Each structure stands twice: as C-alpha cells, then as structure tokens.
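Below: one structure, written as structure tokens.
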Number of protein chains: 2
Amino acid sequence: MPASPIRKLVPYAEAAKKRGTKVYHLNIGQPDIETPKMVLDAVRNSNFKVLEYSHSAGNESYRKKLVQYYASVGIDVNSDQIIITTGGSEAIQFGFLACLDAGDEVIIPEPFYANYNGFAVAAGINVVPVTSSIENGFALPPIADFEAKIGPKTKAIIICNPNNPTGYLYSKEEMEQLKALILKYDLYLFSDEAYREFCYEGKHTSALHLTGVDNHVVIMDTISKRYSACGGRIGAFVCKNAALIGSVMKFAQARLSPPSFAQIAGEAAIDLPADYFDIAKAEYKARRDLLVKRLNAMDGVFCPNPGGAFYAIAKLPIDDADTFCQWLLESFSDNGSTVMLAPASGFYGTPGLGKQEVRIAYVLNLNDINSSMDCLEKALKAYPNKTN
Amino acid sequence: MPASPIRKLVPYAEAAKKRGTKVYHLNIGQPDIETPKMVLDAVRNSNFKVLEYSHSAGNESYRKKLVQYYASVGIDVNSDQIIITTGGSEAIQFGFLACLDAGDEVIIPEPFYANYNGFAVAAGINVVPVTSSIENGFALPPIADFEAKIGPKTKAIIICNPNNPTGYLYSKEEMEQLKALILKYDLYLFSDEAYREFCYEGKHTSALHLTGVDNHVVIMDTISKRYSACGGRIGAFVCKNAALIGSVMKFAQARLSPPSFAQIAGEAAIDLPADYFDIAKAEYKARRDLLVKRLNAMDGVFCPNPGGAFYAIAKLPIDDADTFCQWLLESFSDNGSTVMLAPASGFYGTPGLGKQEVRIAYVLNLNDINSSMDCLEKALKAYPNKTN
C-alpha cells in the first residue's frame with residue numbers, strides 16, 4: 001500500500017510550522033471557500049432525536065433531490081440509480097469491488113488521482129497507466145495507446161473530468177472516443193466528476209451524457225469540492241445498470257449507511273441559488289489565471305492552462321520534485337514563509353515519470369496565491385539542484 | 001458478495017407497511033434510545049465556516065479526549081494509537097486490509113456479525129468459522145476447536161465482546177485462553193467492542209486489558225451503540241502496534257478523512273455525566289429480562305440469557321427461520337401488527353446451521369417488547385410449519 005503523495009510531506013510541514021514558518025498549502029484540494037451557510041445551517045437546525053442509520057443507499061429524500069440536481073446538469077437518472085456514498089472515495093471503492101475481480105485491470109490516463117492506487121491495492125486489482133503529456137496540456141492520450149494496454153483482464157477505464165491532478169477538461173470528442181472504445185471492448189467507464197461545476201474553458205461532458213452506454217457507465221460523484229464540504233464525506237455512485245446497482249447495494253449494506261449529518265447538508269445544497277457556482281467559478285478562474293501567469297513567468301517553468309477543477313501541473317527546472325518539495329519545507333523560507341506543493345511523481349503509475357513536475361491546488365485567495373508564487377520564485381532561485 | 005441477512009427482508013417489511021401493517025423492528029440494532037441532547041447540540045452549536053477534511057486519523061482534539069475515555073474503562077493508550085474511522089465498519093475493513101493478504105484466513109466463532117463476511121469478501125480473505133452453541137449460551141468454543149482450524153494462512157481471530165448476535169459476554173478466563181492461543185500461533189486478535197458499556201452480568205474484559213500482547217491486539221470500536229449515534233458513522237481502530245498503525249494510516253489517507261460533523265458529536269459524548277450509561281444500561285437490562293422471560297415462556301422456545309449487548313438468539317419450534325421471518329411479514333398480522341426478526345442462518349458461516357434460530361434486537365421500549373412478544377407468540381401458534 002503506497003503512502004499518499006499528497007499527505008506524505010505532512011510531518012515536514014508540521015515541523016516547519018513548529019519552527020514558526022508560515023506554510024502556504026498548495027498541496028491539497030481543501031478549498032478555502034466557505035461552505036454555504038444555508039448548507040451548514042441545515043445541519044445546525046436539524047431537530048431529530050435519534051442519530052439513526054439511514055437507508056444503506058442514503059436517505060430517499062436526498063436521492064430524490066439529487067435527481068433534480070442531475071437533471072439540471074443534463075443527466076437523466078432516477079433515485080434508484082443513485083447510491084449515496086461516504087465521499088467520492090467510497091464510490092470509487094464500490095466500483096472497483098463490484099466490477100472487477102482480484103487480479104483484474106483498470107486503465108487510467110496518468111498522471112491520475114493517487115488514491116485510485118490505494119483503492120486498487122485494497123481491492124486487489126491492478127492499475128494500468130496510459131501516459132498523457134504536459135506538452136499538450138494532458139489531453140486524452142491517443143486511443144491506440146489505450147488499445148495497446150487492453151487485455152483479457154481489462155475491465156474498466158477511469159477518467160477524472162475535469163481532471164485531478166492536471167485540470168484537463170475532456171472534450172465531447174474525446175468522450176465519444178472513449179464511448180467507442182468501451183463498446184468495442186465491453187468495458188466499464190468510471191467517470192469521476194467531482195469537479196463537474198468547475199470548468200473555465202468549454203462545456204463539461206458527463207459520461208452519462210453519452211448515449212447507448214447505460215450499462216457501461218458509472219459516475220463517481222461527491223459534494224466535497226462542489227460545495228466546499230470535504231469533511232462531510234458524502235458522495236454518490238450513479239449508474240443506470242440495474243444489476244450493477246444491485247451488486248453495489250450489497251457492499252453498501254455491509255457498511256450499513258453513509259453519514260447522516262452530511263446527508264442533510266447535501267440535500268440542502270441542492271436548493272442553493274442558481275448563481276452559487278457562478279461566484280465560486282469566477283473566484284477559481286481568477287486564481288487559475290493568476291497562478292498560470294505567475295508560473296509561466298518564472299525562469300524555466302512551464303504550466304499548461306488547465307480547463308477545469310482547481311489544479312495545475314507545472315514543470316520546474318529542478319532535479320527531483322520529491323526532493324525539492326521536502327527541501328521547501330525543511331530548508332527554505334522567505335520572510336518566514338514557505339510553500340507546500342505535491343510532487344507529481346506520486347500521480348504517475350509509471351516509475352520515473354513526473355520527476356520535474358508538481359501539482360498545485362489553487363485553493364488559496366488571490367493575495368495568498370501571489371505571495372506563495374513570490375515565495376516559489378525565490379525558492380527556485382535558491383534551490384541548489386537546478387537543471388537550468 | 002452475500003446480501004445482508006439483517007437487511008434482505010427489508011422489501012417485505014416495506015410491503016407490509018404499505019398494506020398498513022405495523023412492523024415491530026426487532027431485526028436491526030438501531031437503538032430507539034435518544035441520542036444525548038448535548039451530543040447533538042455540540043454539532044448544532046458548531047460555528048466553523050468551512051466543512052474541511054480532518055486529519056486522516058481524525059481530529060487530534062477528539063483522539064486526545066478518547067485517551068481519557070479509554071483510561072476510564074481501564075485501557076491505557078495514547079492518541080497516536082487511535083485512528084478515527086467511518087463507523088466500526090471501517091475499523092474492521094482496515095484490520096482486514098492491513099493484517100491479512102488475499103487468500104489469508106480469519107477465524108471467527110459463529111454465529112457472528114454477518115458483515116464480517118462482506119468485509120472479508122471485499123478484502124479477498126476467507127472466514128473460517130468455529131461453532132459456538134446455543135446450549136451453553138454461545139460461550140467461547142473449546143480452544144481445541146480453534147486449534148483444529150489454524151493453518152498456515154490463519155492470521156487473525158475476531159471476537160465481538162459482548163457479542164453481536166448472541167449477546168454473550170466473554171469472561172476474563174476465556175480472554176486469557178484467547179491470549180495464550182494468539183501468542184502460541186502468532187496471530188492477531190481483533191476485538192470488536194461496540195457494546196462494551198452494555199454488560200448486565202459480570203465485568204467486561206477488553207482485549208487491551210490483556211498484558212504482553214500489545215503487538216497482537218486490535219480493538220474495533222464505534223460510538224454507534226454507545227451513544228445511540230449509529231448515523232454518525234464514527235468508530236476507531238485502536239492498537240499499540242506502531243507498525244500496524246502505520247499501515248492502517250495509509251488506508252486512512254487514501255479515503256482522506258472520517259466524517260467531520262460526527263467527530264464533533266463523538267468528542268462531546270466523552271463529557272457525558274458518569275451516570276449516562278447507568279440509565280441506558282438499566283433500560284436495556286429491563287428489556288432483556290422481559291424479552292428472555294417472554295420467549296422462554298412460549299411453547300418450544302429456548303432463549304439463553306445474554307450477558308451483554310442488546311441481542312438475544314432464540315431457538316423457535318419452526319422448520320426454517322428464513323421462511324418464518326418472511327412469512328411474518330408477508331402472511332401474518334395480529335391486530336394489524338407483525339414482527340420483523342433476523343433469521344440466524346445468515347450469522348453462521350457453516351451452511352445449514354441456525355435454521356431454527358432468530359436474532360432479536362431489544363431496541364424497543366418495554367411496552368413494545370411486550371406487544372411484539374404477544375404478536376410472536378400468536379404467530380408461532382398460527383405458523384403452518386411448526387416442528388412441535
């Protein structure tokens with residue numbers, strides 16, 4: 001079981017803070033944006049007397065509300081096609097457990113969300129990476145590259161759209177290519193759409209917008225990023241394949257129920273005013289624009305412009321991002337501050353890739369992004385093992 | 001993946017309710033006792049602005065409070081030896097994933113909590129049952145029976161103490177026998193202590209009261225039953241083996257964090273007045289006394305007196321408890337009421353065992369227990385496939 005690349009530097013950050021150094025956290029997708037007050041108030045104003053188990057698929061009232069939400073983003077599902085999960089994490093676990101046997105393979109464009117690895121280890125399945133490239137902004141790799149990896153044990157492909165860690169937004173054409181591929185080889189398409197609302201260039205194509213693949217497509221969803229409600233641990237497994245929903249329900253019943261408090265929060269969130277995402281999106285877009293501009297202005301740094309989510313991957317003029325990120329926390333500070341980044345190597349399945357790359361989560365306000373980029377710029381000058 | 005024996009009759013219960021029949025739910029361990037108001041109020045009065053991820057091991061403030069709680073029940077641990085989990089369910093999953101490889105075996109006295117099966121399937125491990133008997137109240141089976149099942153793939157033994165589904169409370173002598181066994185064969189002892197506070201005869205012996213087995217013992221814990229807070233989905237993995245805690249942390253990091261709202265509830269619960277459990281225990285004990293008396297007064301029924309938890313297993317004069325429990329929901333009612341029980345067959349790993357047994361959760365008030373027993377008594381008279 002690999003350690004989380006996002007969290008493995010935590011002890012160094014804690015040590016830095018104990019020394020009095022301010023750490024700009026660009027390493028983890030914990031948004032600083034406030035959880036909408038009405039979402040938190042729904043929990044605070046709850047008046048039940050017994051904190052009971054919910055239905056294993058989640059409260060029916062919440063699933064019915066989610067049907068409205070999905071309709072609003074062009075996804076036509078009913079409440080029996082939704083299982084509420086403990087975070088998007090559990091939706092991914094359920095997909096692995098219900099669709100793949102031990103020893104089976106799932107193909108994932110790399111770099112990818114590192115915890116897919118952890119869930120694969122837990123389920124006894126193997127991740128087969130197909131490499132995407134920073135040069136074209138981490139677009140979908142050529143379909144021929146997928147086909148070269150498909151074998152008798154391949155059961156599924158995962159995409160994260162828009163992508164964590166790259167920020168890439170897959171186009172309608174790319175989604176159609178994936179559709180043809182899963183039909184040709186009879187595979188599942190797992191679509192992690194945690195960042196659906198956060199698209200800055202072009203329109204989001206959900207895997208459930210694709211037609212004629214109802215038995216093949218699963219959406220792994222979560223309220224974590226959508227409403228800045230990461231701690232709620234509420235997600236959803238959404239799928240039109242009734243037999244698969246039936247299998248997943250057995251795993252859902254084994255763990256009894258998803259968390260009750262945050263289901264109340266999730267249900268309330270569906271009634272947020274229509275402009276809620278406009279405001280959050282405008283904020284994230286402004287941060288992205290600033291971050292990408294600042295990064296590309298630094299000597300030897302390249303950062304493609306991500307179309308969605310709130311991550312960017314940048315290539316830095318350094319020997320090794322793992323060493324560099326640890327050095328930032330252990331040995332560097334500027335005006336009492338330093339920056340915590342996630343080395344990208346942990347997001348690649350192929351050993352040796354991404355050694356000069358870091359993932360940056362733009363979850364800080366514009367001022368802090370500016371200050372953190374000042375800090376990074378100085379750090380890159382001070383770092384002893386530069387490559388140019 | 002087997003369906004939950006506790007939940008598989010749910011569609012029949014829903015149909016009965018749609019027909020207007022009142023269903024006494026004795027099938028599931030959802031206590032009717034109110035969650036302490038101060039526990040719910042802690043969540044309602046929370047005033048954070050962002051519902052953030054917590055530490056993957058849970059909030060440090062909560063883990064420190066839990067150290068106090070464990071000290072109060074004679075368990076000496078520090079906050080680094082506690083990982084907060086998403087219900088006791090996740091603590092069990094973590095134990096399976098971190099201590100056993102695919103194909104390994106865990107020995108469990110049967111009948112046992114059926115979801116151990118589900119978690120074993122998910123982890124790719126095999127459950128090896130050792131049969132306990134209703135004749136001696138489901139006491140620990142002879143150690144020789146365990147030894148007969150131990151092989152090269154055996155890595156752990158699970159006990160649930162006091163036991164779900166039998167209500168049996170393992171004695172200090174039985175715990176010492178298990179200690180000798182795990183030392184002799186170098187096994188883990190997983191002790192599910194969800195019902196620690198609910199002991200009516202004798203004293204609870206925690207697996208962490210045993211000395212000299214710090215590297216072998218794991219407690220799987222939960223606030224669900226202790227504070228009638230099942231929907232919170234908060235539990236704990238407690239262990240003095242630092243290497244094992246390190247392994248479990250990797251799985252904990254992969255799923256990011258346990259639910260934030262209910263951690264607040266769990267932390268507040270530690271400050272409940274000292275007599276809180278006295279009141280709850282007195283209530284459960286009165287229910288148990290009534291239930292066991294009523295059952296044993298029925299023709300052909302035998303129910304041993306359970307020492308703890310809030311379950312009893314009764315042997316009924318019927319052909320097949322699965323058929324009977326379904327019949328109760330589909331074909332029987334008395335004064336517009338019926339009873340929902342859990343067939344015990346689903347709690348046995350050995351096929352064919354427990355066919356005349358049912359598990360009864362005494363989670364209803366005394367009046368309802370009385371009424372439900374009236375109903376069951378009549379049902380047993382009316383049931384067409386009796387054995388005596």
- Item | Qualifying trypsin sites (Lys or Arg not before Pro) in segment A:33-97, DSSP loop, other Cβ atoms within 10 Å at most 16 | A:LYS49
- Message: Between 0 and 90 degrees, rounded to the nearest ten: what's the tilt of helix B:260-269 against the longest Cα principal axis of chain B?
- Response: 80
- Task: Hey, could you get me the Stokes-Einstein D for segment B:262-342, Kirkwood radius over alpha-carbon pairs, 25 °C and 0.890 mPa s, rounded to whole µm² s⁻¹?
- Result: 157
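In the neighborhood of B:ARG255, defined by Cβ-to-Cβ distances under 13 Å, what is the net charge if each Lys or Arg adds +1 and each Asp or Glu adds -1?
Working: positive: A:ARG7, A:ARG233, A:ARG255, B:ARG233, B:LYS250; negative: A:GLU90, B:GLU90.
Spelling it out: positives minus negatives among the neighbours equals +3.
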- With point charges of +1 on the Cβ of Lys and Arg and -1 on the Cβ of Asp and Glu, referenced to the Cα centre of the protein assembly as shown, which listed residue (B:TYR383, B:ALA57, B:MET373) lies farthest in the positive direction of the dipole? B:MET373
- Task: Could you give the C-alpha radius of gyration of segment B:182-267 expressed as a fraction of 2.2 N^0.38 Å, taking N as the number of residues it contains?
- Result: 1.22
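Run the dipole for the protein assembly as shown about the Cα centre, Lys and Arg Cβ at +1, Asp and Glu Cβ at -1, nothing else charged, and hand back the magnitude in debye, nearest 20. Provide the component values of the computation, followed by the final result.
Values: 76 positive and 84 negative charges, 138 e Å.
Charge dipole of the protein assembly as shown: 660 debye, to the nearest 20.
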- Query: Normalised by the number of residues in segment B:37-269, what is the relative contact order in percent for Cα pairs under 8 Å and 6+ residues apart?
  - Reply: 29
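How about segment B:157-230: which trypsin sites (Lys or Arg not before Pro) there are in a DSSP loop, with at most 11 other Cβ atoms within 10 Å of their Cβ? Numbers along the way, then the final one.
Values: sites: B:LYS172, B:LYS179, B:LYS184, B:ARG196, B:LYS203, B:LYS225, B:ARG226; in loops: B:ARG196, B:LYS203, B:LYS225, B:ARG226.
Here the sparse-neighbourhood loop sites are B:LYS203.
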- Message: Just to be sure I understand the model, the point goes 7 Å from the Cα along the line to the Cβ. What's the resulting A:GLU176 to B:LYS381 distance in nm?
- Response: 7.3
- Per residue, how much space in cubic angstrom lies within the convex hull of the C-alpha atoms of segment A:231-378? 192
- Query: Any idea how far apart B:ASP41 and A:ALA243 come out in nm if each label point goes 7 Å out from Cα toward Cβ?
  - Reply: 5.4
- Apply 1/(1 + (r/R0)^6) to the Cβ-Cβ distance of A:THR323 and B:THR131, taking R0 = 60 Å, and write down the FRET efficiency to the nearest 0.05. 0.60
- Message: Using a label point 7 Å beyond Cα on the Cα-Cβ vector, give me the inter-copy distances for B:LYS37 in nanometres, one decimal, shortest first.
- Response: 2.7
- Query: What is the mean number of Cβ atoms from other protein chains located within 10 Å of the Cβ atom of each residue in peptide A:260-270, rounded to a whole number?
  - Reply: 3
- Task: Mind listing the label-point distances from B:LYS386 to the same position on all other copies, shortest first, one decimal in nm, points 7 Å along Cα→Cβ?
- Result: 9.2
- Share of alpha-carbon pairs per 5 Å distance bin for segment B:95-139, given as whole %: 6, 23, 29, 18, 12, 8, 5, 0
- Mind listing the long-range amide H neighbours of A:CYS160? Cut-off is under 5 Å, sequence gap 5 or more, other chains count too, H placed in the peptide plane at 1.01 Å from N. A:ASP192
- Message: How large are Rg and Dmax for segment A:37-269 when calculated on the C-alpha trace, in angstrom?
- Response: 17.3, 57
- Under a GNM of chain B (C-alpha, springs under 10 Å), which listed residue has the highest mean-square fluctuation: B:GLU173, B:GLU60, B:GLU201? B:GLU173
- Bin all alpha-carbon pair distances of the protein assembly as shown at 10 Å intervals from 0 and give each bin's fraction as a whole percent. 3, 14, 23, 25, 19, 11, 5, 1, 0
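What percent antiparallel are the DSSP beta bridges of the protein assembly as shown, to the nearest 5? Don't jump to the answer; show the numbers that get you there.
Working: 40 of 84 bridges.
Around 50 percent of the beta bridges assigned by DSSP in the protein assembly as shown are antiparallel ones.
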- Query: Of the beta bridges DSSP finds with both residues in chain B, what % are antiparallel, to the nearest 5?
  - Reply: 50
- Note on the structure: Simple spin-label estimate for B:LYS184/B:LEU366, 7 Å along Cα→Cβ, in nm, reads 4.6
- Taking a label point 7 Å out from Cα toward Cβ, give me the nm distances from B:SER133 to the same spot in the other copies, shortest first, one decimal. 7.3
- Message: Could you order the peptides A:259-268, B:238-247 from most to least packed, using the average number of other C-beta atoms within 10 Å per residue?
- Response: A:259-268, B:238-247
- Message: What whole-number distance in Å separates the alpha-carbon centres of segment B:169-196 and segment A:49-119?
- Response: 37
- Message: How shielded is A:44-50 by partner chains, expressed as the average number of their Cβ atoms within 10 Å of its Cβ atoms?
- Response: 5
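Report, as a whole number in µm² per second, the diffusion coefficient that Stokes-Einstein gives for segment A:1-135 at 10 °C and 1.306 mPa s using the Kirkwood radius over alpha carbon pairs.
On the way: Rh = 19.0 Å.
Approximately 84 µm²/s, per Stokes-Einstein.
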- Message: Report the rotationally averaged projected area of segment A:300-348 based on its alpha-carbon convex hull, in square nanometres.
- Response: 4.4
- Taking the Cα atoms only, what angle lies between the long axis of helix B:242-254 and the longest principal axis of chain B, rounded to 10 degrees? 70
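Each reported figure results from applying straightforward, stated rules to the coordinates on display, with no laboratory input. Since the structure is predicted, the reported quantities are computational estimates derived from the model, not experimental observations. Neighbour counts are summed over all protein chains in view; Cβ atoms, including those assigned to glycine, are modelled from backbone coordinates with ideal geometry.
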